[in-house]
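Some notes on the structure that comes next.
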Amino acid sequence: MPNIVVLVKQVPDTYSERKLSEGDHTLDRDFADAVLDEINERAIEEALQIKEAHDGEVTVLCVGPDRATDAIRKGLSMGADKAIHVLDDALHGSDLLQTAKVLAAAIRTVEDVDLVIAGNEASDGAGGAVPAVVAELLGYPQLTHAREVTVDGTTVKVTRETEDGLTHLEASLPAVVSVGEKINEPRYPSFKGIMAAKKKPVETVDIADLGVDAGDVGLANAWSTVVEAAPKPPREAGQRVEDDGDGGVKIAEYLVGQKLI
Amino acid sequence: MNTFTESEERQALRAAVADLGRRYGGEWFQRKARGGEKTTELWTEAGKLGYLGVNVPEEYGGGGGTIGDLAAVCEELSAAGCGLLLMVVSPAICATIITRFGTDEQKQAWLPRFADGSLRMAFAITEPDAGSNAHKLTTTARRDGDDWVLNGRKVFISGVDEAAAVLVVGRTEDARTGRLKPALFIVPTDAPGFEYQPIEMDIVSPDKQFMLFLDDVRLPADALVGSQDAALMQLFAGLNPERIMAASFAVGMGRYALDRAVAYAGDRSVWSTPIGAHQGIAHPLAVAKIELELAKLMTQKAAALYDSGDDAGAGESANMAKYAAAEASIKAVDAAVQAHGGNGLTAEYGMGALVAASRVNRIAPVSREMILNFVAQNTLGLPKSY
């Protein structure tokens with residue numbers, strides 16, 4: 001009966017325009033719609049599938065501001081059992097090392113964790129290092145970029161997929177697994193799931209509850225700093241190829257011209 | 001005073017349904033319709049997630065929610081370009097009537113399948129010679145032993161080819177007075193003597209319209225919904241949800257057209273700025289937005305009244321909401337077509353198909369004129385003309 005913690009993050013919707021604040025180059029949270037990161041939905045889905053096969057319990061863990069509650073509720077409405085929300089103004093502007101530290105501290109408050117599941121990288125920061133750092137801090141094995149996860153007794157097996165190919169990993173529990181895009185198709189919350197979500201327990205904690213020093217977190221103490229930011233240049237107009245029966249040839253010529261073929 | 005924001009759960013439901021709808025979308029919907037195919041995948045998936053059975057009581061496997069919840073589902077799918085017309089009929093009218101008036105056996109037999117969407121039930125009231133005049137319905141049920149024998153014709157009945165059964169509004173003869181009074185029957189679509197033929201429509205929709213022919217359709221005693229005396233109540237119970245759902249369907253359609261138009265007007269540029277900067281384009285879209293919001297608000301009011309048990313209050317609001325939503329959807333589609341210019345009538349942009357589809361909203365399930373009659377007579381107290 002694995003006890004699973006899923007790391008979730010609320011991010012600006014990739015459908016909307018995303019922007020950094022003028023002042024401190026942190027994410028302008030008011031600018032874009034905030035949603036549960038899609039890769040986290042896949043992480044939750046994987047946890048739920050493991051739970052459905054082996055029983056157990058799924059806890060979603062989120063570090064984020066007040067409105068991250070919506071992302072947490074979505075996780076609960078998909079079927080997670082409970083949630084921990086680390087909510088503290090001092091965390092504003094924390095980088096991934098600091099965030100990982102807070103996450104690790106929060107995971108330590110959950111008794112008998114067998115598995116920590118995360119997305120391999122968030123769609124906003126795209127650092128892709130949090131799962132590894134959390135694993136390191138907890139002293140757990142890390143099985144990253146999973147496209148398949150199997151739990152068998154006290155071991156977890158993962159098919160890891162990267163540009164270099166497939167790797168088959170095996171570790172004993174407890175462990176940290178991060179999942180990639182191909183792991184599964186996340187379920188939509190059912191109506192009953194939505195109605196049940198409100199009644200599920202969400203434990204809100206601040207960094208003092210976790211024994212994290214305020215001097216170790218936040219923008220002022222971050223290990224990395226955004227020095228400058230510029231909006232993405234507008235896309236240039238594409239080249240239109242009219243097909244007068246020789247469209248294929250023209251496309252091939254274009255690709256040759258771009259040294260793509 | 002109530003609040004004007006929906007509950008967290010209702011908002012979460014909308015978000016979840018919108019996500020599902022986005023995965024299918026308007027292009028998929030119109031491709032299916034033009035190819036003569038159905039939208040069964042979406043119906044089945046939405047059903048499994050409990051979205052089509054939100055209003056069915058929990059004891060029968062439903063969501064235990066309200067018509068307001070069901071209307072939110074209907075609107076969001078419609079706003080994604082893939083509205084499910086049979087939601088207006090199957091869960092809203094039929095499941096409501098069976099829930100409120102059915103016998104225990106009927107509830108056991110039908111409601112679990114409304115709950116998960118595995119059943120679709122059509123609804124047949126309109127007749128060729130009766131139109132909106134329910135007093136002239138001629139479909140008649142005759143008692144023969146324990147059985148009922150139905151005879152009659154129905155027209156403009158949606159989705160019969162996708163339905164396992166049809167809830168037919170007929171009339172029975174009062175044994176004492178000889179007068180005809182309405183009665184509702186559940187008729188399986190494979191019952192002997194029951195035939196249906198499609199009506200060719202100039203509407204791009206996967207859901208077809210049918211004529212029904214009932215010739216000596218023999219039904220068991222339990223085909224009659226509830227008791228013979230409650231039929232008028234049953235009809236009213238079903239028709240308010242129908243209007244609320246039709247309004248939601250129309251609001252969603254208008255939202256879909258408006259979203260597409262806004263995206264197009266914000267992107268298309270023929271002079272120095274996108275065409276959406278020109279007030280000739282922007283203002284009609286702003287008007288459409290305002291009128292859709294007003295219609296939506298009235299729809300929410302109607303649903304809230306209905307769900308609080310105020311059938312009479314809901315009747316007036318539901319009619320007004322249906323009127324407002326139809327008009328707003330037609331206007332939104334018109335503005336959207338115009339904003340698209342020539343592209344507004346290409347198959348690629350899918351706006352042209354909405355012209356006829358939105359026009360239906362003014363006619364069905366109750367015409368604009370009958371709503372105006374209702375408001376004139378019932379709300380304003382003006383004399384009847386018919």
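The values are calculated or read from the model by the stated rules, or taken from the named source; none is laboratory data. Since this is a predicted model, take the numbers as computed values, not measurements. We place every Cβ from the backbone using ideal geometry, glycine too, and count neighbours over all the protein chains shown.
Among the residues of segment A:25-48, write down those that are within 11 Å of the chain's Cα centre (by Cα), crowded, with 20+ Cβ neighbours inside 10 Å and charged (D, E, K, R). Can you show your working first?
Going residue by residue through segment A:25-48, those that are within 11 Å of the chain's Cα centre (by Cα) are A:36-44.
Now drop any that are not crowded, with 20+ Cβ neighbours inside 10 Å, which leaves A:36-37, A:39-44.
Within segment A:25-48, A:Asp37, A:Glu41, A:Arg42 qualify.
Of all residues in segment B:173-201 being among the acidic types (Asp, Glu) and surrounded by 13 or more Cβ atoms within 10 Å (Cβ to Cβ), which is nearest to B:Ser90 (Cα to Cα)? First the steps, then the outcome.
To start, the set of residues in segment B:173-201 that are among the acidic types (Asp, Glu) comprises B:173-174, B:190, B:195, B:200.
Cutting the leftovers down to surrounded by 13 or more Cβ atoms within 10 Å (Cβ to Cβ) gives us B:173, B:195.
Values: B:Glu173: 27, B:Glu195: 20 Å.
By that ranking, first place goes to B:Glu195.
Taking the options B:Ala353, B:Ala332, B:Ala364, name whichever one is crowded, with 22+ Cβ neighbours inside 10 Å and more than 15 Å from B:Asn240 (Cβ to Cβ). Before the answer, list the steps.
Details: B:Ala353 fails: crowded, with 22+ Cβ neighbours inside 10 Å; B:Ala364 fails: crowded, with 22+ Cβ neighbours inside 10 Å.
Exactly one residue qualifies, and that residue is B:Ala332.
Among the listed residues A:Val11, A:Val58, A:Val86, A:Val63, which satisfies the condition of being in contact with a helix residue (DSSP H, G or I) (Cβ under 7 Å, 6 or more places away or on another chain), crowded, with 16+ Cβ neighbours inside 10 Å and either farther than 23 Å from A:Ile207 by Cβ or modelled with pLDDT under 95 (or both)? Talk me through it step by step, then tell me what you get.
Details: A:Val11 fails: in contact with a helix residue (DSSP H, G or I) (Cβ under 7 Å, 6 or more places away or on another chain); A:Val86 fails: either farther than 23 Å from A:Ile207 by Cβ or modelled with pLDDT under 95 (or both); A:Val63 fails: either farther than 23 Å from A:Ile207 by Cβ or modelled with pLDDT under 95 (or both).
The unique qualifying residue is A:Val58.
Counting residues that are crowded, with 24+ Cβ neighbours inside 10 Å, more than 13 Å from chain A (Cβ to nearest Cβ) and modelled with pLDDT of 95 or more, which helices (runs of 4 or more DSSP H) fully inside segment B:1-104 reach at least 1?
Working: elements: B:8-34, B:40-48, B:67-79, B:86-89, B:96-101.
Filter on segment B:1-104 gives B:8-34, B:67-79, B:86-89, B:96-101.
Suppose we filter segment A:39-92 for residues that are away from every other protein chain (no Cβ under 14 Å), farther than 25 Å from A:Val151 by Cα, in contact with a strand residue (DSSP E or B) (Cβ under 9 Å, 6 or more places away or on another chain) and among the small types (Gly, Ala, Ser); how many remain?
2
With respect to B:Gly315, is the statement that it is closer than 19 Å to B:Ala237 by Cα, outside any helix (DSSP H, G or I) and assigned by TED's automatic domain parsing to the domain that holds B:Asn240 true? Before you say what the answer is, go through the steps one by one.
Details: closer than 19 Å to B:Ala237 by Cα: yes; outside any helix (DSSP H, G or I): no; assigned by TED's automatic domain parsing to the domain that holds B:Asn240: yes.
For B:Gly315, the condition - closer than 19 Å to B:Ala237 by Cα, outside any helix (DSSP H, G or I) and assigned by TED's automatic domain parsing to the domain that holds B:Asn240 - is not met.
At pLDDT below 95 and under 20 Å from A:Asp30 (Cα atoms), is that true of A:Arg73? Explain how you work it out, then say what you get.
Working: at pLDDT below 95: no; under 20 Å from A:Asp30 (Cα atoms): yes.
Here the answer is no, as A:Arg73 does not meet what is asked.
Listed residues A:Pro131, A:Pro186; which is within 14 Å of chain B (Cβ to nearest Cβ), within 15 Å of the chain's Cα centre (by Cα) and at negative phi?
The conditions single out A:Pro186.
Among the residues that make up segment A:8-24, is at least one of them over 14 Å from the mean Cα position of the chain (by Cα), part of a strand (DSSP E or B) and of a type in the set (A, V, I, L, M, F, W, C)?
Yes, because at least one residue in segment A:8-24 is over 14 Å from the mean Cα position of the chain (by Cα), part of a strand (DSSP E or B) and of a type in the set (A, V, I, L, M, F, W, C).
Any residue in segment A:184-195 that is more than 19 Å from A:Asp37 (Cα to Cα) sitting within a Cβ distance under 6 Å of a residue that is of a type in the set (A, V, I, L, M)? List the pairs, counting only those 6 or more apart or interchain.
Pairs found: A:Phe191/B:Val54.
Could you run through segment A:190-227 and say how many residues are surrounded by fewer than 16 Cβ atoms within 10 Å (Cβ to Cβ) and more than 14 Å from every other protein chain (Cβ to nearest Cβ)?
18
Can you name the condition, by its number, that B:Ala130 falls short on among (1) modelled with pLDDT of 95 or more; (2) surrounded by 15 or more Cβ atoms within 10 Å (Cβ to Cβ); (3) farther than 16 Å from B:Gly238 by Cα?
Every listed condition holds for B:Ala130 apart from (1).
Being in contact with a Leu (Cβ under 8 Å, 6 or more places away or on another chain), surrounded by fewer than 16 Cβ atoms within 10 Å (Cβ to Cβ) and of a type in the set (S, T, N, Q) is true for just one of A:Thr154, A:Thr167, A:Thr150, A:Thr162. Which residue is that? Break it down into steps so the answer makes sense when it comes.
Values: A:Thr167 fails: in contact with a Leu (Cβ under 8 Å, 6 or more places away or on another chain); A:Thr150 fails: in contact with a Leu (Cβ under 8 Å, 6 or more places away or on another chain); A:Thr162 fails: in contact with a Leu (Cβ under 8 Å, 6 or more places away or on another chain).
Going through A:Thr154, A:Thr167, A:Thr150, A:Thr162 in turn, just one is in contact with a Leu (Cβ under 8 Å, 6 or more places away or on another chain), surrounded by fewer than 16 Cβ atoms within 10 Å (Cβ to Cβ) and of a type in the set (S, T, N, Q): A:Thr154.
What are the pairs, 6+ residues apart or on separate chains, where a residue within segment A:65-92 that is touching a residue at least 24 places away in the same chain (Cβ under 8 Å) has its Cβ under 6 Å from a residue that is among the hydroxyl-bearing types (Ser, Thr, Tyr)?
A:Lys82/A:Thr59; A:His85/A:Thr204; A:Leu87/A:Thr204
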